[in-house]
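Down below is the structure, laid out as structure tokens.
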Amino acid sequence: MRGQRSIRVGDRIREVVSQLLLKKVKDPRVSFCTITHVQMTDDLRIARIYFSVLDEVQDWHVTLKGLNSAKGYIRRELGRTVVLKATPQIEFIHDNTFEEMDRIESLLEKVKVEPL
């Protein structure tokens, strides 16, 4: 079970990174990106930041490249905003939960329409 502190820090990092992407990062590759959640290691040294892409036209690989390009800036701003002993390393991970939900929903609709 995750500690409450790592959950609180993860939530704060999600807020800060979302605001940075919305207001400060000018890279067009991350403009249709949403931070879904952040998972912290128990020692708070690594932040795994999960993202999804809202624009179906843009591939998530392109967004990942944009996020990795802005990683240094984002980490520096996290160090200024979130008070921790050490600023965590950042890993961006594509969250495909929404795509999987759509796929499962379409399969269920297909089964519902086709008679047995």
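Rounded, prolate or oblate: which fits the chain, taking a ≥ b ≥ c as square roots of the Cα gyration tensor eigenvalues, rounded meaning a/c under 1.5, else prolate when a/b beats b/c?
oblate
What residue among SER52, SER106, SER31 has the largest mean-square fluctuation in a Gaussian network model of the chain, using Cα springs under 10 Å?
SER106
In what order do VAL30, VAL111, VAL82 fall by count of nearby beta-carbon atoms within 10 Å, going from fewest to most?
VAL111, VAL82, VAL30
Tell me which trypsin sites (Lys or Arg not before Pro) from segment 23-116 have a DSSP coil assignment and no more than 13 other beta carbons within 10 Å of their own.
Passing sites in segment 23-116 are LYS24, LYS26, ARG45, LYS85.
Looking at the chain as a GNM with Cα springs under 10 Å, which of ALA86, ALA47, ALA70 has the largest mean-square fluctuation?
Of ALA86, ALA47, ALA70, the most mobile in the Gaussian network model is ALA86.
Computed from the coordinates by the stated procedures, all read-outs in this text should not be read as laboratory data. None of these values were measured; they are calculated from a predicted model. Virtual Cβ from ideal backbone geometry, glycine too; neighbours counted across all protein chains shown.
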